[in-house]
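Throughout, read-outs are computed from the coordinates displayed, never taken from laboratory work. These figures come from a predicted structure and were not determined experimentally. Heads up, the Cβs are rebuilt from the backbone with ideal geometry, glycines too, and the neighbour counts pull from every protein chain shown.
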Amino acid sequence: MPRFTPEQVRRRQIVAGALALLLVLVIGGCTITLIGALRGDDDPQALTDPAPFRADDAAMSAAATPEGAAALENLPEGVELAADEVMGVDVSSHQQDIDWAQVAADGYSFAYVKATEGSGFTDTHFRQNWDGAKAAGLTPGAYHYFTLCSPGAQQAQDFLVAAPPDDSALPPALDLEFDGACDDRPEAERAQAEIDAFTAVIEEAWGRRVVVYSSSEWREHYGLPVADGRPDWLFSQRERPAQEDWSVWQLRFDGTVSGISGGVDIDVARIEVLREHAAIPEGEGAITHEIGGSDDAG
């Protein structure tokens, strides 16, 4: 085997070292590029926090209720629809399958649809009703039936899975009642904390305040501090609600609507008032409430 001089050995070592260094630089550069691509480093804003979602309130609208529409027959005697009011319904799986084209033909222009109840339950007809109402030209809105048997934040996450933010939809609604599978009635402070947790998550995601509906029994027991600063959904059977700034008015539980079997909830909405009260002013966040502690608020 040939032998090399010390000078030849030194030169070979220099060449080998240079090649090794070059290989390290090439491999390292490729790795950094790959990691950067995965992290989105080619986007100058990739490492910054995304801007909070803000709803485009102008995208929310509902068609006017036509003159002489069958929907108007469900109004209380002597009450006429005002220029800024439109007729709608609120439904759940209780109404089973709905022919939304017939509902639209009756002159209804919006539908609040039950999405979720408590945690772990999505209404079996929610997606069918949402898509059907939208396809028929009604503006849909999703509502959540709140219970006191699971954390509010968990209920909010389940709601968002079923009903992710949609600019063109009505604001999400919160239904506070005692009917249902949950019999718990914790102290007012704890109950309000869970409601605040729910509304904080939903309003951050949707970029709109939630609409609040409650039963008289709920109000008698807990009061309704959550409604402060939010759109009101009120029930009044024979006339418009006495509260002048209402956003949604439920006027009956047993309405007759083509395409829906049996009685159904009939509503009137003031879209401009709803839009105004659901808007979250720039720089404002969640509304929370401190409750003085007693088991009964009413």
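Brief remarks on what is shown
- Rounded, prolate or oblate (a/c below 1.5 giving rounded, otherwise prolate when a/b exceeds b/c) for the stretch 167-238 by Cα gyration tensor: oblate
- The stretch 148-298: C-alpha gyration tensor shape, a/c 1.5 cut-off, then a/b vs b/c: rounded
- Förster radius 30 Å - calculated FRET efficiency between residue 94 and residue 183, Cβ distance, rounded to 0.05: 0.90
- Between residue 272 and residue 220, the FRET efficiency estimated from the beta carbon spacing at R0 = 35 angstrom works out to 0.65.
- Each of residue 124 and residue 253 was given a label point 7 Å from its Cα along the Cα-to-Cβ line. The distance between the two points is 2.2 nm.
- If you plug the beta carbon distance of residue 84 and residue 167 into 1/(1 + (r/R0)^6) with R0 = 22 Å, you get a FRET efficiency near 0.55.
- Cβ-based charge dipole, the stretch 201-288, positive-most Cα from 234, 256, 246: 256
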